[in-house]
Amino acid sequence: MLVLITYDVSTMSSAGQTRLRKVSKTCQNYGQRVQNSVFECIVDATQFAELKIKLLDIIDQNEDSLRFYQLGNNYKTKVEHVGMKESVDLEGPLIL
């Protein structure tokens, strides 16, 4: 299933800056950055639960926020991209 993850982490302190880096790195391990604080992740239910727990352990719920949009398995008809920065086919082959 495709999960869209957005986050807003307060960076007013060095602890917040550290949280921001950890949230970003954790999301990168599961998906692709499509905007500064937005990731598209193709995961199964177990991976999604694991990712969610990891992110909830990182953020400070009094200062930061996370949003999870579960677009499901038929996401290709629900996502439209316009403009710069071409999207990468997350299920396609990796060519280096």
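Out of the residues in segment 56-76 that are in contact (Cβ under 8 Å) with a residue 60 or more places away in the chain and among the aliphatic types (A, V, I, L, M), which is farthest from ALA45 (Cα to Cα)? It would help to see each step written out before you state the result.
Start the filter on segment 56-76 by keeping residues that are in contact (Cβ under 8 Å) with a residue 60 or more places away in the chain, which leaves 66-73, 75.
Filter again for among the aliphatic types (A, V, I, L, M), leaving 66, 71.
Working: LEU66: 18, LEU71: 12 Å.
Restricting to residues being in contact (Cβ under 8 Å) with a residue 60 or more places away in the chain and among the aliphatic types (A, V, I, L, M), the top hit is LEU66.
For the structure I just gave you, tell me whether GLU50 is at pLDDT 80 or above, surrounded by 10 or more Cβ atoms within 10 Å (Cβ to Cβ) and part of a loop (DSSP other than H, G, I, E, B). Steps first, please.
Details: at pLDDT 80 or above: yes; surrounded by 10 or more Cβ atoms within 10 Å (Cβ to Cβ): yes; part of a loop (DSSP other than H, G, I, E, B): no.
No.
The values are calculated or read from the model by the stated rules, or taken from the named source; none is laboratory data. These numbers come from a predicted model, not from an experiment. Backbone-built Cβ (ideal geometry, glycine too); neighbour counts: all protein chains shown.
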